[in-house]
Amino acid sequence: MRKLIVLFAALLTCFWAASAFSAPPTSFSQAKRLLEKHIYPSEEYRETFYCGCSYNGEKQVDADSCGYEPRKNAKRGKRIEWEHIVPASRFGKTRACWTEGDPACTTKKGKAYKGRRCCSKVDEEFKRMEADLHNLVPAVGELNGDRSNFRLAVIEGEDRTYGACDFEIDRERKVAEPMAETRGDIARIYLYMQETYGMPLTETEVEMFNQWMVEDPVSEEEQLRDTRILEIQGNTNPLISVGF
């Protein structure tokens, strides 16, 4: 208990210091630059979220470090990409800019567009959600593409299609299964997005995420990442920062 109190006090002090000069990134492109420079700045932090592969400063994946084997797209599998744990479509598809577009969402040739591209241009709240560092992690590019906007859950009797990488996809059901070591991290991110932005979750999801948090408690690495995000973005994920 004393350790938690000391940690909370230290994080609170960091919060007031960070909030004095930090501001959330205002675009996805800015968020990616901050992730590369400040959240995953050196070799000790550079590990892909889903497979645990090492990668270098040029974002090249070391497949031998994790036993990853490409399923289909070897070219995309050589690089990391920035993955939204909660897909942009999940928090964007109910917004008017996503479903209807906006007068400002018109190409130079006069063609109207909508969806993520439009929301990223005109919707300030969407831009904050899209750029929230708490929801962004490095992932092998092929896995980022294969996961798409599928929901995350446990798949029974799945086939292993990425070598030793413990990540499976049921394309018919549009479900992806992450390795057990990341499930608590995922749960805390989903619940953070729910609390911070009012993003609805189903009762089934809340029950599953609560179970995942029990099975995969907060790690020291997760807390250190949260502290680095605090320093840049000015806020923490309370489910991580107080050690639940």
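The values are calculated or read from the model by the stated rules, or taken from the named source; none is laboratory data. Quick caveat: nothing in here was measured; it's all calculated off a predicted structure. Please note: Cβ atoms are built from the backbone with ideal geometry, for glycine as well, and neighbour counts cover all protein chains shown. Heavy atoms of the whole protein, side chains included, go into the accessibility calculation; ligands, DNA and RNA do not. Shrake-Rupley method; radii C 1.70, N 1.55, O 1.52, S 1.80 Å.
Per the conditions (1) more than 21 Å from ARG76 (Cβ to Cβ); (2) within 18 Å of the chain's Cα centre (by Cα), the sole criterion not satisfied by GLU158 is (2).
Does GLU221 qualify as being open to solvent by 60 Å² or more (accessible area, probe 1.4 Å) and more than 17 Å from PHE49 (Cα to Cα)? In short, no.
Inside the stretch 217-233, residues that are touching a residue at least 24 places away in the same chain (Cβ under 8 Å) and over 17 Å from the mean Cα position of the chain (by Cα) make up a count of 2. If the condition is being more than 29 Å from PHE167 (Cα to Cα) and touching a residue at least 24 places away in the same chain (Cβ under 8 Å), then the stretch 99-120 contributes CYS119, SER120. Within the stretch 31-57, residues that are closer than 15 Å to THR227 by Cα have Cβ atoms under 9 Å from residues that are open to solvent by 50 Å² or more (accessible area, probe 1.4 Å) and in a strand (DSSP E or B) in these pairs: TYR40/GLU47, counting only partners at least 6 apart in sequence or on another chain.
Scanning the stretch 141-194 for residues that are under 16 Å from GLU69 (Cα atoms), among the hydrophobic types (A, V, I, L, M, F, W, C), open to solvent by less than 10 Å² (accessible area, probe 1.4 Å) and outside any helix (DSSP H, G or I) turns up CYS165, PHE167. Scanning the stretch 61-114 for residues that are hydroxyl-bearing (Ser, Thr, Tyr) and either outside any helix (DSSP H, G or I) or in contact with an Asp or Glu (Cβ under 7 Å, 6 or more places away or on another chain) (or both) yields TYR68, THR94, THR106, THR107, TYR113. Look through the stretch 1-44, keep the residues that are small (Gly, Ala, Ser) and open to solvent by 40 Å² or more (accessible area, probe 1.4 Å), and return whichever of them is modelled with the highest pLDDT. Here the residue is SER29.
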